[in-house]
Structure formats: C-alpha cells, structure tokens
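Read-outs throughout are calculated quantities, based only on the coordinates presented, and are distinct from any laboratory measurement. Not measured: the values here are computed from a predicted model. With ideal geometry, Cβ positions are generated from the backbone for all residues, glycine too; neighbour counts draw on all protein chains shown.
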Amino acid sequence: MESTKIRTLGPLLSYLDEIDNAMSYAYEDLVFTKNNVFILQFDESKENAFFVYFNEDCEEQAKKNISTLLTTSSKSKGIDITIIGHYSLKSSESNEELTIEFFPIGDLVS
C-alpha cells in the first residue's frame, strides 16, 4: 500500500490570500490558483518551498510582475518560491480529463 504524503497548506493559503490570489484547487503535490495564472508544486526537499509554473497564456508583463511579487514578498512569510517554467492545460474531447504539460523556462510550446 502506498503511503499518502501529508502536505501543510496553511502558510501558503494565508500568503496567497494576502497577495489576492486564492487557491482554487489542490491535487496531490499541485496547488491551482484562481484564474489558473500559475500553479504551485510542492518542493519535497524542504518545508514551505514551492516551484511555480505560469500558464502558457499568461502575458509576459503580467508574468514578470507576478514573479517579482512572488519571489520577494514570500520570503518575509517564510515561504520559498522558485519560478521554474510554464504549463499548458488541455482537455480531452472524449472524456472529462485534463492533461497538464510542464515545460522548463526557455522551452516553447507549439
């Protein structure tokens, strides 16, 4: 039997509320934010640390502004955020499944 990893969301949820970007859904090691502008992924190597992927549709200026906000203001809350790439969300026409593809910084989505 697989063990379930318990992850603490409290500090992250408080922080997201403070920057007016509430969590909309959590699944396994991913935290989806309102409007899916970015997704956070737990960094299993340390507590209160997260990787950030931006939605491929996020405009460059918005991405820069949010990146600056996330990486600077999170430190004072004891949260470590690392921007590592972007993602695309695709829905299947045959069923109700969503597919998330992750891309490191610099890779282009076709």
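Of note:
- Integer Hz, Karplus 6.51/-1.76/1.60 couplings in order for region 69-85, x for Gly and Pro: 4, 5, 6, 9, 6, 6, 4, 5, 9, x, 10, 9, 10, 10, 7, 10, x
- Couplings 3J(HN,Hα) of region 48-60, computed from phi: 6, 10, 9, 9, 10, 10, 8, 4, 4, 8, 6, 5, 4 Hz, in residue order, whole Hz [Karplus 6.51 cos²θ - 1.76 cosθ + 1.60, θ = phi - 60°; x for Gly and Pro].
- Table column - 3J(HN,Hα) (Hz), region 94-103, Karplus curve with 6.51, -1.76, 1.60, x for Gly and Pro: 8, 8, 9, 8, 10, 10, 10, 10, 9, 10
- Just so you know, the averaged projected area of the alpha carbon convex hull for region 10-104 sits at 6.3 nm².
- In a fully extended conformation the segment linking residue 14 and residue 29 would gain 3.6 nm over its present Cα-Cα distance, using 0.36 nm per residue.
- In summary, the convex hull built on the alpha carbon positions of region 47-98 has an orientation-averaged projected area of 4.7 nm².
- Extreme residue, positive dipole direction of the chain, given options 30, 69, 8 (C-beta unit charges): 69
- When only Cα pairs below 8 angstrom with a gap of at least 6 residues are kept, the chain shows a relative contact order of 18 percent.
- Separation of the alpha carbons by more than 19 angstrom is noted, of 5/77; 5/34; 34/63; 34/90; 46/77, for 5/77; 5/34.
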